[in-house]
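> The structure that follows is given in the form of structure tokens.
Just so you know, all these numbers are worked out from the coordinates, no wet-lab data involved. Worth saying up front: this structure is predicted, and the values here are computed from it rather than measured. As a convention, Cβ positions derive from the backbone with ideal geometry for all residues, glycine included, and neighbour counts pool all protein chains shown.
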Amino acid sequence: MFTMTEEKRQLSNALMLLAEFYKPPTNELYQALRNGTALEELTPFVKMEETYEDAFSSYENMKQSYIHCFLGPSEPFAPPIESLYKQWTDDPTAAVSFARQTGFFYGDPALHVQYLFRQFKLEFPEEYRTMPDHLTLLLEFLSFLLEHGTTDQIHSFISDHFDWLDDFVKELKKADKSLFYVSITQIVNQLVHSPSLGYRSEQLGEERSE
């Protein structure tokens, strides 16, 4: 039985681990997959049906899969960036022609994440300045909130910024021949919407908190 402090620490570690899978792969991560230890920190919270030792034939294969799934340039590929899967803005005064369309970077979700980072006086890593709603940052910020935020802030952030994962998975399935990144994203979706993070289904209808 976990104490609250232990559970929060382990949840935070699990979120930070999952964030690593949306960064360019490292040999260290590949070797952890091969020896079956990469996902050990998830087991207290997520039912693991696979261990993924054989997900990739080599480190180079893992890198190529990452590029093909998330970076392209050949289609299909599915960048792990929230704005792409949502209406670009809800602002009724927006004059741009694509305001009500999906598939565009730096929409309302990105601006909201920027706002939250400013509220907590956090700096964006240089590589994510143009995509503040990248899934890596969303997971890392949720991990941060477990230590520094309130329960309401945690719940609001999940409701606001993890409601696009089903659409992401649909697109990712078109690109991910190994289905490894599809599986990891389904694990992310399961974890952030689990009782471990105090998720309540009725939160999906809540308005974005400022």
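> Which condition does G36 not pass, out of (1) crowded, with 18+ Cβ neighbours inside 10 Å; (2) assigned to a loop (DSSP other than H, G, I, E, B); (3) out of contact with any Lys or Arg (no Cβ under 7 Å at 6 or more places or on another chain), if it passes all the others?
(1)
Let's see how each residue does on (1) more than 16 Å from the chain's Cα centre (by Cα); (2) under 19 Å from S83 (Cβ atoms):
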{"site": "D108", "(1), (2)": "yes, yes"}
{"site": "K121", "(1), (2)": "yes, no"}
{"site": "T136", "(1), (2)": "no, yes"}
{"site": "G149", "(1), (2)": "yes, no"}
{"site": "D152", "(1), (2)": "yes, no"}
{"site": "S159", "(1), (2)": "no, yes"}
{"site": "K170", "(1), (2)": "no, yes"}
